[in-house]
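Let me begin by presenting the structure, written as C-alpha cells, before commenting on it.
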Amino acid sequence: MSGGRQRTLFQSWGNTAPRSQSRSQDGRSAETGPAATPTPGDGFHDGEEEEEDDDDVLLVAVFEAERSLGSPRPDSGSLQPASLPGFDLSSGDVWIYPSNYPLRPYQFDMARAALFQNTLVCLPTGLGKTFIAAVVMYNFYRWYPSGKIVFMAPTKPLVAQQIEACYKVMGIPQEHMTEMTGKTQALNRQNIWNAKRVVFLTPQVMMNDLSREACPAADVKCLVVDEAHKALGNHAYCQVVRELCNYTRQFRILALTATPGSDVKAVQQVLSNLMISHLEVRSENSLDLQPYSHQRQVEKFVVPLGTELIAIQSLYLQVCVISLWRME
C-alpha cells in the first residue's frame, strides 16, 4: 500500500504551498451590490511583504500577462447598477448560497469572490469546483432575468456530466437549461438559444454559433470555462472569449482547473486569454482543505500472464535477441 497525491500548482512551479490565510467572512449567505465588470487592477493589493511567497508569484503572473500578452480587457472603472443592461436591481440586492449542503468555508469564499471578479479557481479533483460554478451561475441567472449563462467543457461527456451536477446543486429549472451539440440542426440552433437561458456545450460548438450569429452574444452574462488550463494559444476557449468581447465586455468569467500549467509562462497565458483578475488557489496541503481531503491509497494487483501471452512473450524476446546480436 502506498499513498499518492495529485500534483499541485505549487509543486508544478517548483515552490512550496503558501501559508493558509485566515478566512474573514460574516457567515451570511447574502451580500449587497451588483456584479461589476472586473478592472485590470482587481486582484492586486498594496502592502509590504518581508519575503516573496507563492501569492506574490501569482500576482506577478497576472501583471506580466496583462503587460506582455495584450488580450482585450474590460473597461476600467467601477460600474453602477444603472449602467448594467438587464441587471435586476431587486434580485441584485442579495446573492444566494445553498443551505442544503454542508458549509465548506473555502467553497463559500471562492464562490463569493467569483461573483464579483473574473476568477480562476484551482482546486484538486473532487473538492467541489462544479459546486462553486453552480452557485455563481445561479446568481447570475437571478440577477439577469433575460441573460444567458454558458458553461463550456472540452468534451461532450464532460458537458453531459456538468449539466446534471449543476441541476442537483442549485435547481435551475430544467426547462431553462439545455445541452447543445454539433449534431443539433443549424436551423434550430438560434431558436434554442432564444428559448433557453443556461447552455452547456463545447467551446467548438460555441464558437461555431458565434460565427454564424446564432448565439445572442450580447446577452451572455456569465461564462464558465472548465479545464481552463487548456486556454493556450489559439484554443477554442481563447477564440470564444475574444469573439464575445467584440459584442460586450459586461460578462463574468469563471475558470476552473485542477491541473496547473507546466510553468509560470503557461499560467500567464491562461490568465490573459481568459481575462482573469483574481486567483483562488488551493492544494491538498492547504489547511482549509484538510478536513475534506483524504490520502489516496494505491493498491497494486499483479496479474500473471496466461499460456498464450507467455508464448508470445517468448517469441518476441527471441526476435529482440536476434536484432541486438546483429547490432554488436
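In summary, the lysines within cross-link reach of Lys265, defined as a Cα separation below 22 angstrom excluding same-chain residues under 8 places away, comprise Lys230.
Could you compute Rg(Cα) / (2.2 N^0.38 Å) for region 77-182, with N its residue count? Write down the numbers at each step before the final one.
Values: Rg = 14.4 Å, N = 106, 2.2 N^0.38 = 12.9 Å.
That ratio works out to 1.11.
Couplings 3J(HN,Hα) of region 252-260, computed from phi: 8, 10, 10, 10, 10, 7, 10, 10, x Hz, in residue order, whole Hz [Karplus 6.51 cos²θ - 1.76 cosθ + 1.60, θ = phi - 60°; x for Gly and Pro].
With a Förster radius of 45 Å applied to the C-beta separation of Tyr247 and Glu299, the computed FRET efficiency comes to 0.30.
For an R0 of 41 angstrom, estimate the FRET efficiency from the Cβ-Cβ distance between Thr155 and Trp325 and round to the nearest 0.05. With R0 = 41 Å, the Cβ-Cβ based efficiency is 0.30. Each residue, Ala311 and Asp93, gets one label point 7 Å from its Cα in the Cβ direction; the gap between the two is 8.1 nm.
Across region 111-171, the volume of the C-alpha convex hull divided among the residues equals 101 Å³ per residue.
Between Thr125 and Tyr101, residue separation times 0.36 nm minus the direct Cα-Cα distance comes to 6.8 nm. Backbone N atoms of region 104-143 closer than 16 Å to the 7 Å Cα→Cβ label point of Gln290 belong to residues 105-106.
Throughout, read-outs are computed from the coordinates displayed, never taken from laboratory work. Everything quoted here is computed from the prediction, not taken from an experiment. Cβ: placed from backbone, ideal geometry, glycine included. Neighbour counts: every protein chain shown.
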